[in-house]
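> Please read through the structure below; I'll follow up with questions.
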Amino acid sequence: MGNTIIKDSVRREFEDLKRDLNEGSIPKVAAEYKEHLNKMNNLPLNIAVTGHSGSGKSSFVNAFRGVNDDDDGAAKVGTVEGTMKPKAYSHPSFPNMKLWDLPGIGTPKFQATEYLKKVQFEKYDLFIIVISIRLTENDAFLAKEIKRMGRKFYFVCSKMDANMQVEKRKGNFNMQKTLETIRNYYENSLRSAGDFSARVFLISSWEVHMYDFPLLRETMAAELPEHKKNILTLAVHIFSKKELMKKKELMESYIKKVAWVSCVCGAVPVPGLSMACDIVILVDTLKYFCKVFGLDDQSLHFLAAQTGKAFKELKSAIKKTPLGNVIDAELVFSLLTRSSIWVAVSLVELALDFIPIIGSVFGGASSYVITYRFLNSFLDDALEDAQNVLAKFLQ
């Protein structure tokens with residue numbers, strides 16, 4: 001009975017604070033915290049996708065972003081060259097990462113000798129050179145020029161799903177041997193045409209969980225500068241437990257930063273501000289976690305299309321966390337009120353907010369502890385649900 005009364009009291013306080021936030025009467029600290037956190041996550045990552053016309057660049061751009069070819073905002077896919085100038089496509093959940101669909105090299109408007117200048121080479125962090133049926137002189141030329149200018153590049157042989165269908169018609173088909181034969185062909189062609197060695201990643205933009213697609217993304221992340229690699233690690237879809245653990249590690253570090261922002265807000269001697277900050281911070285952070293671990297409708301629809309699993313089947317694997325699109329202040333408040341510690345601390349904090357120094361110290365410390373513990377608990381649940389989704393589509 002007593003605990004119910006306490007929760008009702010805190011709920012009324014929460015409703016007042018929510019109204020104040022909507023009316024703009026809570027100090028700017030509560031609203032501006034997001035700007036501080038965004039600075040941690042808004043480093044740009046620009047990936048150029050190039051190659052000859054018809055090689056599958058646009059489909060690759062879509063697949064890497066977790067977008068189906070017929071989705072809104074997808075790069076246009078067709079049988080003729082549709083890209084007349086470099087066009088940026090932002091990742092739907094991490095807009096600071098952009099994939100640039102570049103015009104095909106060797107077309108009348110983009111001759112090889114002027115290509116890098118026309119596509120503004122200097123703006124990209126790395127290049128993906130997409131090849132399909134065969135390696136061309138322009139592909140080798142482009143790789144040499146990119147290497148000469150000191151940038152990373154990766155050769156990607158697309159449309160492996162179609163290649164495998166052809167090879168399966170032959171007797172004694174063995175997938176691993178077939179992949180090795182194809183890879184050796186391209187790598188030997190590179191050595192002959194360009195007098196240098198480079199690894200070729202065999203991928204399918206229609207089956208991103210197969211072949212070398214996961215390895216490509218892992219290799220790219222490992223070879224990016226330290227301040228850039230985290231962007232790619234967070235944005236990629238999960239196709240291995242190793243990727244999951246890397247995301248978890250980054251989120252553990254992120255939680256500490258979020259908790260410190262909560263601490264700063266909690267230390268401001270304004271009655272109720274700490275609770276208001278905590279609610280706003282937690283809503284945005286839980287949504288961010290869901291994006292990182294693919295626990296949202298868009299990610300699940302993409303995985304369903306890629307793996308042949310039903311959307312509802314993948315969604316059924318999520319047992320502990322809500323999908324990102326349903327997280328709001330009401331839900332977070334409901335989750336918090338299940339904790340008797342949070343309820344008790346919130347009431348003490350509200351009382352001490354009127355006492356200088358003591359209220360600030362208690363408010364800051366309690367905000368840090370509550371935010372830190374709550375987010376780590378949610379992270380554990382999100383990790384478990386992501387593991388369940390991974391197991392479901394790998395069955």
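> Strictly over 18 Å apart at the Cα level, which of LYS57/LYS87; LYS287/LYS319; LYS123/LYS291; LYS319/LYS392 would you flag in this model? Walk me through the numbers on the way to the answer.
Numbers: LYS57/LYS87 12 Å; LYS287/LYS319 16 Å; LYS123/LYS291 27 Å; LYS319/LYS392 13 Å.
Over 18 Å Cα-Cα: LYS123/LYS291.
> Just report the Cα centroid separation between region 221-239 and region 125-179, whole Å.
Taking the Cα centre of each part, region 221-239 and region 125-179 sit 22 Å apart.
> Order the peptides 289-297, 184-192 from the highest to the lowest mean number of other Cβ atoms within 10 Å of their residues. Could the numbers behind the result be given before it?
Values: 289-297: 23.1, 184-192: 15.0.
Ranking, from highest mean packing down: 289-297, 184-192.
> Ranked from the most accessible area to the least, with a 1.4 Å probe and all protein chains present, what is the order of ARG183, ARG151?
Working: ARG183 50, ARG151 75 Å².
The most accessible residue leads, giving ARG151, ARG183.
> By the scheme Lys and Arg +1, Asp and Glu -1, what is the net charge of all other residues having a beta-carbon under 13 Å from that of LYS98? Walk me through the intermediate numbers first.
Details: positive: ARG65, LYS87, LYS123, LYS228; negative: ASP101, ASP125.
The answer is +2.
> Using per-residue counts of other Cβ atoms within 10 Å, averaged over each peptide, order 329-336, 199-206 from highest down. The partial results should precede the final answer.
Details: 329-336: 17.0, 199-206: 22.0.
Result, highest mean first: 199-206, 329-336.
> In whole Å, largest first, what are the principal axis extents of the Cα atoms in region 114-245?
48, 40, 22
The values are calculated or read from the model by the stated rules, or taken from the named source; none is laboratory data. In this text, all values refer to a predicted model and were calculated from it rather than measured experimentally. Cβ atoms come from the backbone with ideal geometry, glycine included; neighbour counts cover every protein chain shown. For accessibility, only protein heavy atoms count, side chains too; no ligands or nucleic acids. Shrake-Rupley method; radii C 1.70, N 1.55, O 1.52, S 1.80 Å.
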